[in-house]
Every structure is written in structure tokens, then in C-alpha cells.
Amino acid sequence: MASRKRVLLKVIILGDSGVGKTSLMNQYVNKKFTNQYKATIGADFLTKEVMIDDKLVTLQIWDTAGQERFQSLGVAFYRGADCCVLVFDLTNPKSFENLDSWREEFLVQACPRDPDNFPFVVLGNKLDAEGQRKVSHARASTWCKTKCSIPFFETSAKTAENVEDAFTEIARRALKQEHTDDQIYLPETLTLNANQPTVQQPTGGCC
Amino acid sequence: MMEQEQERLLDEATAVVKEQAFYMKRAIDNENIRDALKHASNMICELRTSLLSPKNYYDLYMQVFQELQHLAGFFTERQRHSRKMSDLYESVQHAGNILPRLYLLITVGASYIKSKEAPAKDILKDMTELCKGVQHPMRGLFLRYYLTQMCKDKLPDTGSEYESEEGGSVNDAFDFLLTNFTEATRLWARIQHSGSAKERQRRERERHDLRVLVGANLVRLSQLEGMTRDFYADVALPKILEEMASTKDTMAQQYLLDCIIQVFSDECHLRTLDQFLSACMRVLPSVDLKPILVNLMKRLANFVSANPDAVPEGVDIFGLFRRHLNELIDRPVPAPPPATAPGATAINGPTDRGSQVDPSGLLELQVAFLTFTLTLYPERVDYVDLILGSTVTLLSRIYGSPSGPGVATNGKDKEASGGGGEGGPKRKLEGKGVDSVVELLATPLKSLSLSILEMDHYTNLMKFLNFRTRKQVAISMVRTVLAAGTPLDEPDAVQRFFSFITPLIRDEEDSPLDEEVDAEEFASEQQQVCRLIHAIRHDDTDQVFAMYTTARNAFGKGGPRRMVHTLPPTVAAALQLIPRIQQREIDAASGIEGVAPPSYTLKKVFQFVHRTCTELVSCAPEVALRLFLQAAVMANKCDAINPGSFEPICYEFVTQALVCYEEELSDSRAQFQGILMMVGTLSSHVTCLEPDNYDTLAANITQHGAKLLKKPDQCRAILVCSHLFWNNPLRRNPQRVLECLQKALKIADVAIQSSPAHVALFVEILDKYIYYYEQENHHITVSYISHLMELCNEQVTYADEDSMTEPRKNFNATLNYLKKKKAQLPPDAKYAELDLDKLSTSTLNNGVGS
């Protein structure tokens, strides 16, 4: 049976400006970190191939602009996401308080088929600045529990602490979502043509 | 209507994309490259539309983009299609239509680079060139966006796997991105000139939406590993700025400047500050530089405070900003500008709105610059003065010189320095700019000492403000000093500070009339001023007292309505200083090293207190009376340490309290309270008085008590006065105590005639008798108590009849107390003779109703 050879998983990273979305992505994909702050304009992605439970998947990780004025074309790139990562800065309570609105905004704009069970992962970044921490672990994990038990990781894009683990969990969740959410598309018209191979029932990624 | 149409168009296109993507993916699954390309091409054809709005086009683009990733993945897996990349690259160019042809070319091209079958730089150059074939602005912008999106990780950047002699270097990577940036910018700028004039507004809105596609190129440039500071400063920035300047377009210049600040690192900005600021000065006058410069300053302030060593040697950040900001200020006031682009309000030089020149944009920029300067150079008072100086220059050009005739510009001039009301510029600043000036004046006080007030420009800036605003500044300054805990520790500075806050301190020529002032607001302002007294601090008592005197003199000009607020805390503060001065006098006298006798002696401070209290007698007699008594207590304390020396002062203060009572207190409640205070002070806190003096005062107070207007007040006052003859062991006089109680009883007898409500007095007198009896005043005997109880019982019964419950309750409480005394083991011998049973019956009888 013919199944698609590659699994392409789309992950969206959201959060306030300056919480370290780009840094997390760069640390995970390129194993690089820089202290320089550079704003993101629009949305941009990096890809990484990873093995998840013996399956090779391509992660397409979308990093987004935290500043609204750099998002002038809207957020069409939310569509088709398999997992949404909400990032806040452990040293900035405001960025934590805004998670709710980021989550709302994602659900409204991306319209996932089953919003209640759409996979989110929360990352509290800048764990390396423990001394300036303003959001306690307890506070953040309580919030995550109230939102259908979102997995919560405290990470440092700077030291790479927990980054790998967090993204593995993200990829795993995304993969699970891809299985359940894989759209079964039936074209309205089928061209029956001698040159075409036998029409096959399109299938989900895995049966 | 429009929107529905858009939605329908998008839905139709989406349906085609989905269908063609389906066939494309199936062809991929079957490894049929020809069909895959065919359906991909059909799918991409949907992007040929000119009907969708930018946002909807982006939506469609994202769907196509997402599907094309499957195709890209397929191309990369060479074993699946077993075609040479060069063949594939050739073959896709046969597609009939240019847009699908180029999208497919890019998709293959990216995989081609990845395969390393040909040098990256050649493929990149080729694709960049071919993309010129699409000149429709929106389609072209998205196509180039796709090109850079697909190739961003395949550039021969420094350290990249594609970097090599053949594949190219960072220069090629840079050229690729810069060319695409340039092309994108031109496509973008061209939108404004396409189509009819009446749709201009819609086009500008769409252009505004499309700007991220241009900015994204700058993001990619900033992500180059090879984008070192040198490369940025010497190669990248000059080219980017050149491109920006050549657009001659407000929106483009505004946006690109903003992007440059946001996407490149702070190290880069520090390195190129002059270059960047100079470019800012050359943009179109309609570009609003304020948000751009404010953002730049914010970023640099954060960065430099965290990394002070990051500033390159020889870079004078303050100097550079100042020079360029002054250039803005010095620009001639322009004629009314032509209609500016939407969303852009020009601040590039003072603007002329109608006939009114509005400097508010520039003023806000000065505020941002000041905040920035204070963050980076917290010690540089001179920098603050320079900024204020520039502000004065700016305002002078619009409102005239601040040094008008008859105005002293010398900041040290006591009277005129704060008074902006006199002379100065002909017109005062109004509107939005006012808040900025208030901030300019108040902000430095957060971090700098009051010595900044010495600077002339502080005074000059004040002169542009009307009374209301000067008061606003004054309040801000006071609040800032209080909030920051800035100590007032230098007499000259305090002097100057008080002259700056003159609008709060005294009436000026342009002060509003009394009746226009909101009483609550006024009181709250004065309370803020009062708190300043407590901010005065110094190790040297002479200095502290000098500052109190300064404050006192300033307050003295405030008139009664301010003095009632400001003088009491001044007196309180001076009194608190007294123990310190006394200690200093003692230390100096006993020859402790380094301690000089105070120039401001205790006597001088007491005189100060005396004068200040006297000032209050007419406007706030109750307060004055209380303060006199507090002063008396303080004098008594001094006398305890240095016996005999302060008795006359103490006597004088109590006497003054009494005089104040006699001459100024007319309200009977206030009089009663006055008596209570005087008795309390004299009986319990004043011990040093000569017997004659004490007796005179005690007799006087008692007489006043007996002369109160209302009988019950008289009665209670006399009861209280009894303590004057008891509490002070040196002046104890049991006979006088008894006389007081008997007098009180007589008054109560009279009082009860007029109203049965005064029954309560009898119980109070009884309680007092019991008190003195227990205190062992031998003139008070148990028979007095016994008689009085009968009298009370009788009176209370009358009260019961009038259904008054309070007297009965109080009397019963006393009764219970005595019973307990008798019942306790061993019984209190004092009460052995007291017969309570006689009363109990009637009490019981009458107690039922209560």
C-alpha cells in the first residue's frame, strides 16, 4: 500500500516579543545561540529531520514575529499546524500572562478541527537567568494543568537545557496530531483516464 | 460586499489548489515526475490572480507553499526520481506560463543547490535574474519571497556547507539577498504608481500590508553568519541605506529605517551610529523620525546598560545623538506640509499645523533623549543641561526668548528664579508639548541630586509655562523628589528647590483666585509640600536648621491658607531636632573631639518654634495651642537634662497656649478640648515649673474650665482639672482635689435642673471620687462615696423613667466593681464600711426594665 514516504510536521512557535522564540528554534535546529537581540519580521521557518519512535519526520518549525506591526499580512501560516508552542520568559510575568491570548489567537486563526484537543506545549524560557525569575514553576504548571494538561518545560536557549527534550515532546505530539488530523481529501472530480494508474483510495499517513 | 467577493475568490482558488495538490502528491507517491510537475504547475497557476487582497493572496500563497514542500522533498530524494538535477532544472523551464515556471524553477533550484551538483552562487544568480520576468508588484514580491524562503539555508554563507571556491562566499550570499531586497523594494514602491488615482488610498493600505515581504529580506541579511560588524558597517549598511534613500518614498523610508533598527544587532548599531543617524537626517521631511529614534535609543539604552564595554572606542553616543537632534531642531519652520501619507505625522523639524506651530513631536523626542541619557550617563549633570538648553532653543524660536525684560535669569536669584509668571516669552506653551516639558523638568530629579537646579536652563524652560503648568511641574518635581528619596541636604539647593516650586508655595501674579481653587486638590498639594520637610536630612544640626529656616521663610509667604498645612510639620520637625542639638551642646561642652558647639543653639530653635507657632495663632488656633504644648513638653525634657535652664521657656510655651486659648478659641467644643489638652500636658508631662508658675497656670486653667459655656462641659472640665492638683507629686494638693470634685457636683446639680439627660454626670463624678479614694486622697472618705451612690441611685431611677438606659448601665458597672472589691478575698479593707445592700434592692427593682 502506498503511503507518503515523508511525514512533514508543522510546528508554530508563538509568544511575546523578546521571550526567545528565534533563539529556541536556532538552538534546537542549529545548536547555536547568540545574545544579540534581532526582531523577527513576518514568519520564518527552519526544518529539521528527526527520528520519533523509529519514524523519520521532517519538522517544519515556524518562528513568528512577537511584535504585531511585523505581522502585517496576517497569520495564514498558522493553518495546518500540527502543534503550537507557546513561549514565555520566566523573568517576565507579563509574557506569561499573555499566553492565554496567544493560545486564543491561535485557535481562532488556525481553526483546528478539534480545538479542545489540539496539542500545545508551553516553554518557560531563560532558565539560565534563574536569579531574575519572576514566574514560579508552580504558577506556570498550574496554568498548564487548567488548559487540558498542556506539557510544560522550563528551557534555556542559551545553555540548551531541556531544549532537546521539549522539542522531542513537541514532535511526538505533532506526530500524534498528524495521525488524527490528517485530512482525507477527495477531489470533486475524478478524471478517469487510461493513462492514469488505478485510482486508489487516498489514505491517512498510517494504517 | 467586497469582502464576500474576496472570500469566494479565495475559496475557489483553495479548492483548485487542494485538488491539484492531491494529484500532485499522488503522482509523487507513484514517482511520476511528469504528472507531479503538471499538477504542481496547475496549482501554482492559482497564484496568477490579480484579484485577491494581499492578506488573501498570502493565505493562498501559504497553501501553495506548504504543498510545494512535498515536491521539494521529492526532488531531494534523488533515488526516487533518478534524474540529474541539471536535467530537472532545465526541464521545468519548459512550463508554459511564467509564474508556475519560476516557482517550479525555484523549487528545483533549491534542491539543485542542496545536491551540490553545481555551484550555489551560479544557481542563485540565475534564479534571481530569471525572477525579473515577473514585474507585477504583488506576484513579483511573493515570488521573490518564495525564492529567499527556499534558499535561505542554502547560501554560500561563512561556514556553510555551500561555501567554497566554486560555490561562492558570503559576498555571493550577500549579493543574492541584497539584489532580492532591492528588487522587492522597487516592486513594492511601484505599487503606489499603478492604477487610478482614486484608488490610491486602497493601494497605500495594501502596500502597507505587503511591507513584511520587503522587511523579510533584511531579516535574512541579518541572519548571515558572515554579517560581521565590519561587513555590516562597510558593505551592508551603506548599500541598504542607499537603496532606502533612492526610493524617495515616505512609507518605504519610514519602514526600512524601523526594520534596520529592529533586525540588526545592537553591536552593529553602535558601530554605525553616525552613519545611521546621518541617513535619518537625509530622509524625506514627511518621514516621522520620532518612533525610529525612540526605538533606537531604547534598544541602545538596554544593551549598553547590560554591556557597558560594548561601546566602541571613540564613539560618543551622547554627542552623536545630540548633534543630529539639534540638526532637527535647527531646521526652519516649514510651510504647511502637503497631505502626508496615512499614518505618518511628520516631526521632522517643528511642524506647522494651521497657523499654530507645534513642537510637541520634537519635545517628545527630547524627553526620550533625556531618559536615554540618564540611563547611560547617570552622573552627567552637564548632559542634562545641554538637552534642556536645546529645548529652550527650540521653544525660543516659536515663543520668543525666555530672557524677556525685567526677568532675572540667574538661577540663584531667590525670588525670580522659579517665578515664570513675570516677563519671559510673550506666549506660553500650550497643548501636547506641555507634558513633555513637565517631564523634562521632573525626570532628572529621579536620579540626580538637587544640584541640577543650579543650571540656568532649568529656570529658562519654566518661563515657557503658564501658571497651571508651572504648578504641574512643581508637583511633579515634589513627587519625584519624595518618591526617589532624594535627600534635601544642602541649604542652597533647598533654597533653589523651593523657588522652583513657587507655584505651590505662594500666590503669583497669574495664580487663580481663591474661589477657583478646588479645596481638596489644594490640600493634597500642600500635603505633598509638607512631606518635603521630612526629606531634609543632614548630619550637621546647623545645616538641618538652616534648611528648616529656608523652608519656614518660604512657607511664611504662602498666606494663611497654605500656612495651616505647612507650618505644623515645620514645628514638629524643629522639635524633633532639639534632642540632637542638646546632645551636641553637651558633647561639645565636655570636649569630645570633632564636636563643635552648634551655631544654632537650643534657645534659637525654641525661638523659631515660638515664632512659627505664634504665626499660626490667628489662622489655626487649635493647632497653635497643641504645638505650644508640644514645645512645652520638649522644653521640659531639655530641663530634665539641664535642670533649671529651660523652665522659663517651658513656662512661656504653656502660657502662650493659655493666651491662645483665651484670645482665639471661641467655639465651645474647641475650648473644652483645649482645656483637656492643657490639663493633660501640665499634669502629666510638665515637671520642671517653679511652684508659683505651676500654681498660677493650674489655677488659671481651672478657672477657664469653670467658665465654659455649657454646664456639662464645666462639670467635666473641673473633674479633669482635679488632676492638676494631684498627678504632679511636687504640687499635690488633696484639698484642692476635693474642692474640684465638690464644685463639679454643684454644677451637676444645676445642670440636672435644666435636663434630666445630664444624670450621666453624677455617675462620672462618683467614678472620680472612687478613683481618688483608691489613690488614697485622705480628704475623700467612704461616706462621700456612700452619699453619692444614694444620690446616683435616685437620679438613675429618674433616668429609667425617661427610658434612658446609658446612666443605668454605667451606674451598674460601677456598682459591680465595688461589689467585686468587697467580695474579693481578702476583702478590700477600704470598702469595709460601704453598705451596698441598701441600694441593691432598688437597683434590682429598677434594673429589670433595662
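The values are calculated or read from the model by the stated rules, or taken from the named source; none is laboratory data. On a predicted model such as this, the values are computed, not experimentally measured, just so you know. Ideal geometry is used to build each Cβ from the backbone, glycine not excepted, and the neighbour counts take in all protein chains shown. Side chains included, ligands, DNA and RNA excluded: accessible areas come from the protein's heavy atoms. Shrake-Rupley method; radii C 1.70, N 1.55, O 1.52, S 1.80 Å.
Condition first: among the β-branched types (V, I, T) and within 14 Å of chain A (Cβ to nearest Cβ). Now tell me which residues in region B:75-98 satisfy that.
B:T76
Does any residue of region B:99-112 turn out to be part of a helix (DSSP H, G or I), within 12 Å of chain A (Cβ to nearest Cβ) and open to solvent by less than 20 Å² (accessible area, probe 1.4 Å)?
yes
Scan region A:49-102 for residues that are at pLDDT 95 or above, open to solvent by less than 10 Å² (accessible area, probe 1.4 Å) and in a helix (DSSP H, G or I) and report the count.
The number of residues fulfilling the criteria is 2.
Return the pairs, sorted by first residue and then second, in which the second residue is of a type in the set (D, E, K, R) and open to solvent by 30 Å² or more (accessible area, probe 1.4 Å), the first residue lies in region B:194-221 and is away from chain A (no Cβ under 11 Å), the beta carbons are less than 9 Å apart, and the residues are 6+ apart or on different chains.
From region B:194-221, the pairs are B:G195/B:R202.
Consider A:Y78 against the criteria (1) within 12 Å of chain B (Cβ to nearest Cβ); (2) without any contact (Cβ under 8 Å) to a residue 60 or more places away in the chain: it satisfies all of them except one. Which criterion is unmet?
Just one mismatch for A:Y78, condition (2).
Applying the selection to region B:38-56, what residues are more than 14 Å from every other protein chain (Cβ to nearest Cβ) and under 16 Å from B:H136 (Cα atoms)?
Residues satisfying the conditions are B:I44, B:C45, B:E46, B:R48, B:T49, B:S50, B:L51.
Do we find that A:R139 is farther than 30 Å from B:Q254 by Cα and within 14 Å of chain B (Cβ to nearest Cβ) in this structure?
no
Scan region B:291-313 and give yes if some residue there is over 20 Å from A:G18 (Cβ atoms), open to solvent by 10 Å² or more (accessible area, probe 1.4 Å), β-branched (V, I, T) and at pLDDT 95 or above, otherwise no.
no
Name the residue that is farthest from B:L104 (Cα to Cα), counting only residues in region B:30-51 that are among the charged types (D, E, K, R) and open to solvent by 40 Å² or more (accessible area, probe 1.4 Å).
Of everything passing the filter in region B:30-51, B:E31 is farthest from B:L104 (Cα to Cα).
For region B:183-198, enumerate the residues that are open to solvent by 20 Å² or more (accessible area, probe 1.4 Å) and either part of a helix (DSSP H, G or I) or out of contact with any helix residue (DSSP H, G or I) (no Cβ under 8 Å at 6 or more places or on another chain) (or both).
Selection gives B:E183, B:R186, B:R190, B:Q192, B:H193, B:S196, B:A197, B:K198.
Could you check region A:74-97 and list, in sequence order, the residues that are farther than 14 Å from A:L14 by Cα and touching a Gly at 6+ places or on another chain (Cβ under 7 Å)?
A:L90
Listed residues B:R139, B:R144; which is more than 24 Å from B:S115 (Cα to Cα) and not aromatic (F, W, Y)?
B:R139
Would you point out the residue of region A:146-164, among those that are modelled with pLDDT under 95 and open to solvent by 50 Å² or more (accessible area, probe 1.4 Å), that is nearest to A:Q27 (Cα to Cα)?
Going through the qualifying residues, I end up with A:S149.
Grab the helices (runs of 4 or more DSSP H) fully contained in region B:251-330, keeping just those with 2 or more residues being acidic (D, E) and away from chain A (no Cβ under 14 Å).
Filter on region B:251-330 gives B:317-330.
So how many residues does region A:17-32 have that are surrounded by fewer than 21 Cβ atoms within 10 Å (Cβ to Cβ) and either at the interface with another protein chain (Cβ under 10 Å from one of its Cβ atoms) or within 24 Å of B:V304 (Cα to Cα) (or both)?
6
Could you check how many residues of region B:451-461 are part of a helix (DSSP H, G or I) and surrounded by fewer than 22 Cβ atoms within 10 Å (Cβ to Cβ)?
4
Does any residue in region A:33-55 that is more than 8 Å from chain B (Cβ to nearest Cβ) come within less than 7 Å, Cβ to Cβ, of a residue that is assigned to a loop (DSSP other than H, G, I, E, B) six or more places away or on a different chain, and which pairs are these?
A:F33/A:A157; A:F33/A:K158; A:A43/A:A65
Is region B:772-781 home to any residue that is closer than 25 Å to B:D695 by Cβ, open to solvent by 40 Å² or more (accessible area, probe 1.4 Å) and of a type in the set (D, E, K, R)?
yes
For the subset of region B:169-191 comprising residues that are farther than 17 Å from B:F142 by Cα and not acidic (D, E), which member is farthest from the other protein chains (Cβ to nearest Cβ)?
So the residue we want is B:N171.
What's the total number of residues in region B:222-250 that are in a helix (DSSP H, G or I), over 17 Å from B:S278 (Cα atoms), away from every other protein chain (no Cβ under 11 Å) and among the charged types (D, E, K, R)?
Of the residues in region B:222-250, 1 are in a helix (DSSP H, G or I), over 17 Å from B:S278 (Cα atoms), away from every other protein chain (no Cβ under 11 Å) and among the charged types (D, E, K, R).
Given the criteria of a type outside the set (S, T, N, Q), within 26 Å of B:I123 (Cβ to Cβ) and within 13 Å of chain A (Cβ to nearest Cβ), does B:A72 qualify?
Spelling it out, B:A72 is indeed of a type outside the set (S, T, N, Q), within 26 Å of B:I123 (Cβ to Cβ) and within 13 Å of chain A (Cβ to nearest Cβ).
B:P826 fails exactly one of the following numbered conditions: (1) open to solvent by 50 Å² or more (accessible area, probe 1.4 Å); (2) free of Cβ contacts under 8 Å to residues at least 40 places away in the same chain; (3) closer than 22 Å to B:L738 by Cβ. What is the number of that condition?
If we test B:P826 against (1) open to solvent by 50 Å² or more (accessible area, probe 1.4 Å); (2) free of Cβ contacts under 8 Å to residues at least 40 places away in the same chain; (3) closer than 22 Å to B:L738 by Cβ, just (3) comes out false.
Just give me the residues in region B:438-473 being free of Cβ contacts under 8 Å to residues at least 40 places away in the same chain and small (G, A, S), in sequence order.
B:A442
If we keep just the residues of region B:798-837 that are among the basic types (K, R) and farther than 15 Å from B:V782 by Cα, which is nearest to the chain's Cα centre (by Cα)?
By that ranking, first place goes to B:K809.
Of the residues that sit in region A:56-75 and are at the interface with chain B (Cβ under 10 Å from one of its Cβ atoms) and polar (S, T, N, Q), which one is farthest from B:L218 (Cα to Cα)?
A:T58
Select from region B:217-252 the residues that are crowded, with 18+ Cβ neighbours inside 10 Å, β-branched (V, I, T) and under 41 Å from the mean Cα position of the chain (by Cα) and list them in ascending order.
B:V219, B:I240, B:T250
Mind checking which helices (runs of 4 or more DSSP H) fall wholly inside region B:476-585 and carry at least 3 residues that are over 28 Å from the mean Cα position of the chain (by Cα)?
Correct list: B:541-556.
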